[in-house]
Structure formats: structure tokens, C-alpha cells
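Just passing along the structure, written as C-alpha cells.
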Amino acid sequence: MTAGPTLARRPPPRLRRLRLFQTTAFRWTMGSAAIVGIGIAAMGAFFYWQTVGYFTGRLDAGLLLEARSLRMESRRVLILRLEKSLTVDPQGNKAYGLFGPDGARLAGDVDGLPATLPPEDQPAPVTVNWSRHGAPESVDVRAVALPLADGAVLFLGRSAGDLHEIDAIVKRAIGLAALPAALLALAGGAVISLGTLRRVDAVWRACSLIMEGEFHRRLPAGRRHDEFDRLSEMVNGMLDEIERLVDEVKGAGDAIAHDLRTPLTRLRVRLERALDPGARHAPVSEVLAKSVADVDQLLATVTAVLRLAEVEHGRRQGGFRAVALGDVIEAVAELYAPVAEEKEIGFALDRGGPAVLLHGDGDLVFEAVANLVDNAIKYTPRGGRVGLALEAERGGAVVRVWDTGPGIPPDASEAVMRRFYRLDPSRHLPGTGLGLSLVAAIARLHGFALEIGSRPGGGCDVRLRCWTAGAVEAS
Amino acid sequence: MLRVLVIEDDGETAAEIVEDFSAAGFAVTLETDGPAGLARAQAEPFDVVTLDRMLPGLDGLALLDRLRAAGVSTPVLVLSALSSVDERIRGLRAGGDDYLSKPFFAAELRARVEVLARRPSDRDITVLRFADLQLDLIGRAARRGERLLDLYPREFKLLEFLVRHAEQVVTRAMLFEQVWGYRFDPGTNLVDVHLGKLRRKVDGPGEPALIHTVRGTGFVLRAPGP
């Protein structure tokens, strides 16, 4: 032993409380908000691109139209029209210029030709200078340059001022839409998360209390039957089963202690009296014999408890093989017939029907049937009758053990399968109160059903229903 | 004198076994770990070895394996704190001759050791004789003197076991295992009832008793005194 006994209960592990931003709901809301944001941005970009394309197209078409009509005119008319056109330019976005072969400006508001001339049939973006508002400034235009017959060049450009405005509008729209959308997403995420958090907090509180020892407590489950309620119901079902098992273990511990205490006390009193020179007691050899009998009873109880544990926890299904139920019944009958005979009890064996093979542990099945027959003989008074019968049934067989004893009251037929349970009238008989528990455990291991009933004329009628899927009827 | 090698690492259990065996007149040798036990079992002749399942240095079953591989056929009784049937089967499969789970009664262990030590070497015998009992193993007929005993097959088997181990104490658990082939606590006086029936058939009125009860332990088939 390295560590001393630890009496204090280990404190339950502390559950960390969930914070708002850690909730799955919040994270998912943020995630979906980001996706929506990307969507809005993409939509804005598309809208911008389409609009700009449309306006550029219109601008270009206007330019080409004007260029086609101007190039036909004579020089004089051309100059006149240029001047006129420039005077009716309310938006101030026309950058026109007529330049002689030597590059000198003949008319228009553009200061000079750009270094690279745009083509004459496909408007292209160009930067030029003009002095429309007094001081020369550079401006981005879409333009064409038409070479005229006499070597002069006609430059026709329109500034893209409209496009800049559209650009600004679209950006403003995206900004105006994105900010409220982000705020809405945040708020929505927070609201949803708070709802989740409330549910989780309730579960958290309940779990903390359960871990602190309030094992009867359960998780809150509402009537909405949503995923939280389903989870809570599942966990509650699990807790019910755990509590039942813990109670059973506690109960079994208490029962063992109680069952051992009586013979131990009796033993102690008897030995003490034998030791006391002043007390009157039976001869020492008799005292010792009785004491040995008491110790044997104690040992039998402990052995039975261990055996029960072995069957219940051993899960010995690895040792399962084909068992001929008829042979088991006959062996039990052979073993117990003399015991019945000695007690002047009539023993009837009836193994009718076809041979039944089932998948199981032959030794355990034998032990179970032997236990039932042992009980029947034990509780049947002298001169009574006990019967062991094998009856074939669809998909299996029934082992029946009946007797003409006092029987088991219907309201106790469940209780007798519990550990250490003994009906009051039988308390004086030797026994551990574990026999039927063992049979029940063996039945559970095999998937059999143990039914305890009564015979019409009084007495027990116990049935071990072996309906396992592995049961096969052999001819 | 019966020579017994006890291979047991638990001091208390070992002391208990040695004391009981010495009192019964066995010559006891004790080894407390696997390798030493294996060496001793190979070096000296013993009638029986009792072997603990869990040993420091060399596991009990591994020791048994090596002992059998070395050609030593001394009967071995495996002692183990593991009581499950699977463990027992493993113990017997590894070459053990008997298996007893801890805790056990000294008398139970002693009876089993004696039975192992005096195991009839000749299994081909067709007639068993003891005192005025005569068992015809082929015809499955038993006689006491001139009287033919009317025995059920199981009673014959029971008597056969007693005769094979005459003058040795056999316990209820041993009979239940060997004669019926079951290994659980039958609870009531099951074995006693069967033995009582057999006794009434074997020891007829006026005949000296052959089957005796050994208080608290079991039974013994004993020849009537002169």
C-alpha cells in the first residue's frame, strides 16, 4: 500500500461555464454572416461592372456616330459644328479638337494631341489636357482620332465623369447595405446564442448538482421535443439506469452485510458463552460443531455471491456451444431424483417432444435447472411432488419445474429473483437467498426468460423459456 | 513418504500448505519463484507439484509449459486466485492435472494431492478389487463377496472412483467434479444423498462398513480392520 485510506470524496470535476462567443450558434451565425457579406460584395461588383459597361457602350456609340457625321463635312462647316457642339455642352464633358498636319490646333478645347492616338473606329481611354476652366488640366476621356484627307486630325473625346459618379454610387450603396447587414448578423447571432446558452446553462447547473451528489436530479427537458430536449431525455434515461444500478449495488451490499451479520452474531454469542467458565453451555465439541456449521453457512453465502458476480460480469459467451437441452434435463433429474426420494417426494420427469439444441454454456444451463429443482425439492414438504418437464415450443423450448410446495405469492414473483430475498415462511430453511438470482443471471446471459408462476392446485410453476434465436429443433 | 514440491510466492499461503502437508507426513520442498521452481522440478523426482498460477519471474502456466516440454510428467496441481472456468480450462490445457482456486481448505488440497500422487498408473485394468469388492469394468458389474450389487450407472462410476482411490480421502467437490463432471457448489447435501444410497447397497446388513464419512472433509473407502 502506498497511499493511506482516502476518506474524503474526490471533488467532482468542475464544469467550465460556456461564454457567449464560444457557442456554436454564435460561430455559425458569424460564419453565415461572412458568407452573406461576400455575396453582397460580389453582387455590388457585378452591378458596377455591368453598369460601367453599359455607360461606356453608350458613350462609345455616341462618339462613333458623331465622328461619322463630322468627317463628311467641309473644313469650314466642320469647324463651325465643332464650335457649336462645344457651346451646347451642359455637362462639360466634350473634349474636341481639330489639328492641322503640323499639329497646330485649328479648333476645339483640347490643348494638344496625345502621344499615342486612339484608333478611329474603336474608342479607347486616353488622357489629354484641356484649358476649359482657365488653367490647363488633364482629363481622362474615351476618344477616337480621325485622320482627315488633307492630313489634319480630328480628335473626339468624352470625359468619363458619369462613370466616376456611378462608381461612387455603387460603392456608397454597398457600404450602406453592408454595415446594417453586419450589425444585423451580430445581433441575430447574439440572440440565437443567448437562447442556446440559456439551455446549456440549465443543463450545466443540473449536471453540476448531480456531480455534487444529488443523484436523483435530472436534466431539464421541455415539451418542445427539439434537439436539446431529445438530448436531455437520452441523458436522463441513462441517469435512471445508472441510479438503478447504483441502488442495486448498494442494496446488495446491505443485504450481504445483513445476511452475514445474523450467523456471525449467533456464532460470537455461542463462542463467548463457551469461553465463560461461569456460563452454562453445551459440551465444547457440540459448540464447535455448531460453530463450524455457522461458518459453513457464511462461506456458502460468500461463495454464492462470488459465483453470481462471476456469471453476471464474466460474460462467458465465448464458451457458448451447442447444448442438448434434453440431456441437461436428464442429468439434472438423475442428480436430484435420489434427493427427492430421500425426502419421500415423488419426482416426475417428462422430456417429451423432439430433441432441442440451443446455443449456450452447458454447465451454466445445467446449474440453472439444477438450482430450480433444488429449490423445488427444498420447499416442498415431505410426501409432496416435484416435476421437471421439457416442452418444445416454436423457436425454442420451455423447461418447467413445478412442485406442490407452498408456492410463491404473485406479488412476490419479481422479488424472489432479487438477491437475498427470502419469503418469510422459508427463512428457517438453509439457503443463501441467492439461488433464483443466479438462475436469473444465467437466464439473462443466455437471453432466456425466467417466469415464476403458480400451479392451480397450489405450489410453484417456474418456467425457463429458452427462445434464443440460436435454438434449433433437430429431428 | 510422499514428496511434494510447493511452488508458491505468497508467504502465508505457503506456510499454511507446508504446515498441513508436513503434519500429514509429506516431505515438502518449497520454492518461492518461477525459475527456481522450474529448476527444482526438473532436478529432483517429486510425486506431486503444486503450482501457483501467478509467480514472480516466470508465470505459472509458462513454467508448466516448459516443464512438460522438458519431458517431466510429474502430476501438477495448479493453484489460482482466478476462479473462472476459462482460467481452469487454460490451466488444465497447459498440462496441469488438477486445478484448485484460492481460497481453499487445506484438507481439500491435501486430498487432491494424495489422489494425484497415487493416480492409478494402469488405466487398462479390466477388474478392480478392494477388500471383498470386485468391479468388472467391462461388464459394468460390481460384487461384494458373492453378492451382486444392483447399481445404477452413476453409482457404479461413484464406486469405481472410490475404489480407484481407496484408503484416500476424497472430498465432495472432487466427487462432484470427477463423477458427475460438474464444478459448482451443489449447495444441499446432494453428494451425501448419492453416497448414502451407494453405501446402503455396498455395506449390507451385518457386513463390515467399507465407506466411511470423514467429518468436515469427505469420504474414504477403507478396508475393515483385522
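The values are calculated or read from the model by the stated rules, or taken from the named source; none is laboratory data. Keep in mind it's a predicted model, so treat the numbers as computed, not measured. Note that we place each Cβ from the backbone using ideal geometry, even for glycine, and neighbour counts take in every protein chain shown.
Can you tell which of A:Ala67, A:Ala104 is within 14 Å of A:Val153 (Cα to Cα) and surrounded by 12 or more Cβ atoms within 10 Å (Cβ to Cβ)?
Criteria check complete, one pass: A:Ala67.
Still on this structure, please answer the following. Closer than 30 Å to A:Val305 by Cα and assigned to a helix (DSSP H, G or I), is that true of B:Arg68?
For B:Arg68, the condition - closer than 30 Å to A:Val305 by Cα and assigned to a helix (DSSP H, G or I) - is not met.
Out of B:Asp47, B:Asp9, report the one residue that is of a type in the set (D, E, K, R), touching a residue at least 60 places away in the same chain (Cβ under 8 Å) and surrounded by 16 or more Cβ atoms within 10 Å (Cβ to Cβ).
Exactly one of B:Asp47, B:Asp9 is of a type in the set (D, E, K, R), touching a residue at least 60 places away in the same chain (Cβ under 8 Å) and surrounded by 16 or more Cβ atoms within 10 Å (Cβ to Cβ), namely B:Asp47.
Residues being under 16 Å from A:Leu450 (Cα atoms) and charged (D, E, K, R): count how many of those fall in the stretch A:375-402.
Result for the stretch A:375-402: 3.
Is at least one residue of the stretch A:448-455 modelled with pLDDT under 85 and either within 14 Å of another protein chain (Cβ to nearest Cβ) or surrounded by 17 or more Cβ atoms within 10 Å (Cβ to Cβ) (or both)?
no
From the list B:Leu55, B:Leu67, exactly one residue is farther than 26 Å from B:Ala23 by Cα and hydrophobic (A, V, I, L, M, F, W, C). Which is it?
B:Leu67
Looking only at the stretch A:378-400, which residues are touching a Phe, Trp or Tyr at 6+ places or on another chain (Cβ under 6 Å) and β-branched (Val, Ile, Thr)?
The answer is A:Val386, and nothing else.
Report, ordered by the first and then the second residue, all pairs with beta carbons closer than 7 Å, sequence separation of six or more or different chains, a first member in the stretch A:448-475 that is at positive phi, and a second member that is small (Gly, Ala, Ser) and modelled with pLDDT under 85.
A:Gly458/A:Gly407; A:Gly459/A:Gly405; A:Gly459/A:Gly407
How many residues, within the stretch A:259-281, are at pLDDT below 80, surrounded by fewer than 14 Cβ atoms within 10 Å (Cβ to Cβ) and over 16 Å from A:Ala300 (Cβ atoms)?
Result for the stretch A:259-281: 2.
Continuing with the same structure: Looking for whichever is more than 25 Å from A:Ala143 (Cα to Cα), at pLDDT below 80 and in a helix (DSSP H, G or I) here; the options are A:Ala42, A:Ala25, A:Ala3, A:Ala34. Which one fits?
A:Ala25
Looking at the stretch A:380-402, which of the residues that are more than 46 Å from the chain's Cα centre (by Cα) and surrounded by fewer than 22 Cβ atoms within 10 Å (Cβ to Cβ) is farthest from the other protein chains (Cβ to nearest Cβ)?
That would be A:Ala389.
Residue-wise test of (1) closer than 23 Å to B:Asp59 by Cβ; (2) modelled with pLDDT under 90; (3) not in a strand (DSSP E or B).
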{"residue": "B:Val4", "(1), (2), (3)": "yes, no, no"}
{"residue": "B:Ala14", "(1), (2), (3)": "yes, no, yes"}
{"residue": "B:Val18", "(1), (2), (3)": "yes, no, yes"}
{"residue": "B:Phe21", "(1), (2), (3)": "no, no, yes"}
{"residue": "B:Leu38", "(1), (2), (3)": "yes, no, yes"}
{"residue": "B:Ala41", "(1), (2), (3)": "yes, no, yes"}
{"residue": "B:Phe46", "(1), (2), (3)": "yes, no, yes"}
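For the stretch A:219-237, check the following and say yes or no: at least one residue is part of a helix (DSSP H, G or I), surrounded by fewer than 16 Cβ atoms within 10 Å (Cβ to Cβ) and touching a residue at least 40 places away in the same chain (Cβ under 8 Å).
no
State yes or no: is A:Gly157 outside any strand (DSSP E or B) and either in the same structural domain as A:Asp60 (by TED's automatic domain parsing) or within 23 Å of A:Gly44 (Cβ to Cβ) (or both)?
no
Okay, next question. Please enumerate the residues belonging to the stretch B:162-216 that are free of Cβ contacts under 8 Å to residues at least 40 places away in the same chain, facing chain A (nearest Cβ under 10 Å) and within 18 Å of B:Phe105 (Cβ to Cβ).
Within the stretch B:162-216, B:Phe176, B:Phe184, B:Asp185, B:Pro186, B:Gly187, B:Asn189, B:Val191, B:Asp192, B:Arg215 meet the criteria.
Answer yes or no as to whether A:Pro263 is outside any helix (DSSP H, G or I) and either more than 29 Å from A:Val305 (Cβ to Cβ) or outside the structural domain of A:Ser437 (by TED's automatic domain parsing) (or both).
For A:Pro263, the condition - outside any helix (DSSP H, G or I) and either more than 29 Å from A:Val305 (Cβ to Cβ) or outside the structural domain of A:Ser437 (by TED's automatic domain parsing) (or both) - is not met.
Being in contact with a helix residue (DSSP H, G or I) (Cβ under 8 Å, 6 or more places away or on another chain) and assigned to a helix (DSSP H, G or I): is that true of A:Leu197 here?
It is true that A:Leu197 is in contact with a helix residue (DSSP H, G or I) (Cβ under 8 Å, 6 or more places away or on another chain) and assigned to a helix (DSSP H, G or I).
Do we find that A:Ala376 is of a type in the set (Gly, Ala, Ser) and in contact with an Asp or Glu (Cβ under 6 Å, 6 or more places away or on another chain) in this structure?
So A:Ala376 passes the test.
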